[in-house]
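Participant: Questions regarding the structure given below will be posed in turn.
The values are calculated or read from the model by the stated rules, or taken from the named source; none is laboratory data. None of these values were measured; they are calculated from a predicted model. Backbone-built Cβ (ideal geometry, glycine too); neighbour counts: all protein chains shown. Ligands, DNA and RNA are stripped out before the accessible areas are found, and what is left, the full protein with its side chains, is counted by its heavy atoms. Shrake-Rupley method; radii C 1.70, N 1.55, O 1.52, S 1.80 Å.
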Amino acid sequence: MSTATDWMNRNPVLTRLNELPRPVLLGLGAALIAIFVVLALWMREPDYRTLFSNVEGRDGGAIVNILNQRNIPYKFADNGSTILVPADQVYTLRLELAEQGLPRGGNVGFELLDKPNFGASQFTEEVTYQRALEGELARSIEALQPVKSARVHLAIPRQSLFVRDREAPTASVLLTLFPARTLSESQVSAIAWLVSSSVPQLNAASVSIVDQDGHLLSTPGGTAGMNSTRRNFINDIEQRTTQRILTLLNPIVGQGNVRAQVSATVDFAQREQTSETYRPNETPGTAAVRSKQTSDSAQSDVLPPQGVPGALTNQPPANATAPIQSAPANPQPPAAGQSAPAGAASAGTQALGTRGSAATPKSVRNDATVNYEVDRTIDHVKHEPGALQRLSVAVVVNYRDKDGKAEPLGSDEMANINALVKQAMGYSADRGDTLSVVNNEFTVQTPSVKPWEDPVYRNLALQVLKVLLILAVLFFLWRSVVRPIVHGFANAQVERVKNEAHLENMREQRRQDEMRASELNRYEDNLNTARQLANSDPRAVAMVLRSWMDSKNAKS
């Protein structure tokens, strides 16, 4: 027992631990036990159970990301399609992941058609195909970043042989968006076109899109995307015109001394125009010939047919006989009103016939017809929508700061500014553009805000409260935890010093007592030795005493 006590006294670590207060020793013991327990639990392999099986890649990635964020151990099985977690956290994790919509693999697609069902009716096959199509569309829509989950419902009527009885299909889409995420009009229009393009004879205007809050995202008639495009087009024209005006005027009047607003009127009507114009014909020498027809006919030495029509005309003529008659020496012309004699007429006729046979008869005929092209112009113009009809611009210029005083700009400067603005905006009087440039002083009004409503003071007060709260917590910890421990250590140190001093005093007193005891023991031993020597040899003792007395007398 004494050996163990001496070993503990010689070990400085155990000595200091013995000097600590008992509460501190109890706390250290509890901490060591907790550390050993934690190490034992950490080294022990936990019991893993199945969290989800047949997990798709997208759902598996989201689930693993959440497990990593929460520092929850997990394992994979079945080639990564099964996720294992500790057995004591299986049901809690299932509920928490279900709250976040995981896994999302509830939508089934065309894998429904992988296993043929022999003996199924036509109605069952149609329903299966429709379910597969709805699942595939839902998966496609869930690929969008803001969409958390989607459900698609298709209303496909039965096809009829009669055209008048046919009905067009319709569709409805229910979207669940992530928190603080919204869909733009272009994205809503894209979803509608995606669904309509996947179903035959489905119009995009017949697709209704609703979010999880019951808000109708699609516009009836399918004009949401068109309205957004038109509004963006008008905004782009106004912003670009405003930017051009500010870019020109800011270097002249200074940054922040000009304000400009632009209002654009745009015509989005679609028009097609066809016009046909006729111009006067050109001169024949330069005109284009469309068609030309010419006919020439010429006859020479051809006698006209003679004789009495009938059968005699077809008989060969008889031999010609020429009667010879003597003509009078001096023929007289017939008197007025008298006819020439028959013999004379016959003679004249024969003479004329003799002269005609001597001449050459001719018959010439020329016909010409020329058709020229008509000078015609046909114009077909298709006007694209988005024609700018009118621009209305309002510009306000601040006064000039001269020696600390605000002075208006001169008339020449305002005229130059007006001309620059017209050039920047592309002013057109024929189009009906309007421009108003005003020179006025800018008045800056600072709204009166109460101190407790000012965000700056409120943030400062919150920071001060945080600092005070931290100081209060630190003071409480000092008074309740740190100070008692420090005082305990200080008192233990003082007690240790006192105990060491007391022990040192006790050791010193023990040494003195031992010295006294040893001196007394030595005196007794010497006295006994002297007694024994006196008894045994009195003469020697007498000589010693005499020597002591002689030395004493000599000193005195």
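Participant: Report yes if ARG279 is modelled with pLDDT of 90 or more, open to solvent by 90 Å² or more (accessible area, probe 1.4 Å) and over 18 Å from ILE141 (Cβ atoms), otherwise no.
Facilitator: Working: modelled with pLDDT of 90 or more: no; open to solvent by 90 Å² or more (accessible area, probe 1.4 Å): yes; over 18 Å from ILE141 (Cβ atoms): yes.
No: the conditions fail for ARG279.
Participant: I've got another one for you. How about region 121-144: which of its residues are touching a helix residue (DSSP H, G or I) at 6+ places or on another chain (Cβ under 8 Å) and under 16 Å from SER198 (Cα atoms)?
Facilitator: The first filter runs over region 121-144 and keeps only residues touching a helix residue (DSSP H, G or I) at 6+ places or on another chain (Cβ under 8 Å), leaving 128-129, 131-133, 135-137, 140-141, 144.
Of everything in region 121-144, those that are touching a helix residue (DSSP H, G or I) at 6+ places or on another chain (Cβ under 8 Å) and under 16 Å from SER198 (Cα atoms) turn out to be TYR129, ARG131, ALA132, LEU133, GLY135, GLU136, LEU137, SER140, ILE141.
Residue-by-condition table, conditions (1) within 12 Å of TYR48 (Cα to Cα); (2) of a type in the set (A, V, I, L, M):
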site: ILE72; (1), (2): yes, yes
site: PHE76; (1), (2): yes, no
site: ILE83; (1), (2): yes, yes
site: ASP88; (1), (2): yes, no
site: THR92; (1), (2): no, no
site: LEU95; (1), (2): no, yes
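Participant: For ALA138, all conditions in the list (1) open to solvent by 40 Å² or more (accessible area, probe 1.4 Å); (2) among the small types (Gly, Ala, Ser); (3) modelled with pLDDT of 75 or more hold save one; what is the number of the exception?
Facilitator: It fails just one condition, (1).
Participant: Enumerate the pairs (first residue in region 178-193 and assigned to a helix (DSSP H, G or I); second residue anywhere and among the polar types (S, T, N, Q) and crowded, with 18+ Cβ neighbours inside 10 Å) with beta-carbon separation below 6 Å, excluding pairs fewer than 6 apart on the same chain, so at least 6 apart or on different chains.
Facilitator: Taking only residues 6 or more apart or on different chains, the pairs are VAL188/SER218; ALA192/SER218.
Participant: For residues in region 522-541 being among the hydroxyl-bearing types (Ser, Thr, Tyr) and surrounded by 10 or more Cβ atoms within 10 Å (Cβ to Cβ), which is modelled with the highest pLDDT?
Facilitator: Applying the first criterion (among the hydroxyl-bearing types (Ser, Thr, Tyr)) to region 522-541 yields 523, 529, 536.
Narrowing the set further to residues that are surrounded by 10 or more Cβ atoms within 10 Å (Cβ to Cβ) leaves 523, 529.
Values: TYR523: 74, THR529: 78.
Ranking the candidates gives THR529 first.
Participant: Tell me which residues, restricted to region 407-432, are loosely packed, with under 12 Cβ neighbours inside 10 Å, in contact (Cβ under 8 Å) with a residue 24 or more places away in the chain and closer than 17 Å to ASN257 by Cα.
Facilitator: None - no residue of region 407-432 is loosely packed, with under 12 Cβ neighbours inside 10 Å, in contact (Cβ under 8 Å) with a residue 24 or more places away in the chain and closer than 17 Å to ASN257 by Cα, so the list stays empty.
Participant: Anything in region 390-403 that is at pLDDT below 90 and either open to solvent by less than 70 Å² (accessible area, probe 1.4 Å) or in a strand (DSSP E or B) (or both)? List them, or say none.
Facilitator: Looking only at region 390-403, we keep the residues that are at pLDDT below 90, and these are 400-403.
ARG400, ASP401, LYS402, listed by residue number.
Participant: Scan the strands (runs of 3 or more DSSP E) fully inside region 22-111 and keep the ones with 1 or more residues being touching a helix residue (DSSP H, G or I) at 6+ places or on another chain (Cβ under 7 Å) and modelled with pLDDT of 70 or more.
Facilitator: Details: elements: 48-52, 75-77, 82-86.
In region 22-111, 48-52, 82-86 are the strands (runs of 3 or more DSSP E) which contain 1 or more residues that are touching a helix residue (DSSP H, G or I) at 6+ places or on another chain (Cβ under 7 Å) and modelled with pLDDT of 70 or more.
Participant: Within region 146-197, track down each residue that is open to solvent by 50 Å² or more (accessible area, probe 1.4 Å) and basic (Lys, Arg).
Facilitator: ARG151, ARG158, ARG164, ARG166, ARG181
Participant: Which residue pairs have Cβ atoms under 8 Å apart, sit 6 or more places apart or on different chains, and have a first residue in region 482-499 that is assigned to a helix (DSSP H, G or I) and a second that is open to solvent by 80 Å² or more (accessible area, probe 1.4 Å)?
Facilitator: Pairs that qualify, where the first residue is assigned to a helix (DSSP H, G or I) and the partner is open to solvent by 80 Å² or more (accessible area, probe 1.4 Å), are GLY488/PRO23.
Participant: Consider GLU441 carefully, then state whether it is farther than 30 Å from LEU26 by Cβ, open to solvent by 80 Å² or more (accessible area, probe 1.4 Å) and either assigned to a helix (DSSP H, G or I) or touching a Lys or Arg at 6+ places or on another chain (Cβ under 6 Å) (or both).
Facilitator: Working: farther than 30 Å from LEU26 by Cβ: yes; open to solvent by 80 Å² or more (accessible area, probe 1.4 Å): yes; either assigned to a helix (DSSP H, G or I) or touching a Lys or Arg at 6+ places or on another chain (Cβ under 6 Å) (or both): no.
So GLU441 does not fit the description; no.
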